[in-house]
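Below: the structure, in structure tokens.
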């Protein structure tokens, strides 16, 4: 998976805006960070702790949590070596974007367990 694939997935979500800072892509929903490109092959994605733990257990080769993110609801995805399907799922988690609906959501769908904000207005420094 490459960053343009992530862009395509996240930009399909209503209300998500793409910007770039220092040449690196980031996506926000009403100003809240939901994902940010760290470098050419790593993406930090907002994920609540339960969802993050699940992704780490299921896909340890794809997701990691560096020390600087341990206290934050964030997970780092390895775009070069990771599982594309798992990264796609994490990028599109409705809860990651505080309930931002995707085109595929149907009325009455339950929000996914992650509230990543992907309730977190986490700003990375």
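On the basis of being in a strand (DSSP E or B), more than 12 Å from the chain's Cα centre (by Cα) and on the phi < 0 side of the Ramachandran plot, does residue 77 make the cut?
So residue 77 fails the test.
Run down 102, 10 and say which single residue is part of a helix (DSSP H, G or I) and at pLDDT below 90.
The match here is 10.
Which one is nearest to residue 40 (Cα to Cα), of the residues in segment 64-74 that are touching a helix residue (DSSP H, G or I) at 6+ places or on another chain (Cβ under 9 Å) and part of a loop (DSSP other than H, G, I, E, B)?
My answer is 65.
What are the residue pairs meeting all of these: first residue in segment 36-47, first residue under 11 Å from residue 22 (Cβ atoms), second residue surrounded by fewer than 24 Cβ atoms within 10 Å (Cβ to Cβ), Cβ atoms under 6 Å, and 6 or more apart or on different chains?
Partner pairs satisfying both residue conditions: 36/26; 37/3; 37/24; 37/25.
Would it be correct to say that residue 116 is at pLDDT below 50, closer than 16 Å to residue 31 by Cα and either part of a strand (DSSP E or B) or touching a helix residue (DSSP H, G or I) at 6+ places or on another chain (Cβ under 6 Å) (or both)?
yes
Assuming residue 32 fulfils every condition listed in (1) touching a strand residue (DSSP E or B) at 6+ places or on another chain (Cβ under 9 Å); (2) modelled with pLDDT of 90 or more; (3) more than 18 Å from residue 8 (Cα to Cα) apart from one, which condition is it?
Condition not satisfied by residue 32: (2).
What number of residues within segment 41-63 satisfy the criterion of being surrounded by 15 or more Cβ atoms within 10 Å (Cβ to Cβ) and in contact with a helix residue (DSSP H, G or I) (Cβ under 8 Å, 6 or more places away or on another chain)?
Number of matching residues: 11.
For segment 1-21, does any single residue satisfy the condition of being under 11 Å from the mean Cα position of the chain (by Cα) and over 14 Å from residue 91 (Cβ atoms)?
no
The values are calculated or read from the model by the stated rules, or taken from the named source; none is laboratory data. Just so we're clear, the structure is a prediction, and the values are computed from it rather than from any experiment. Positions of Cβ are generated from backbone atoms using ideal geometry, with glycine treated the same way; all protein chains shown enter the neighbour counts.
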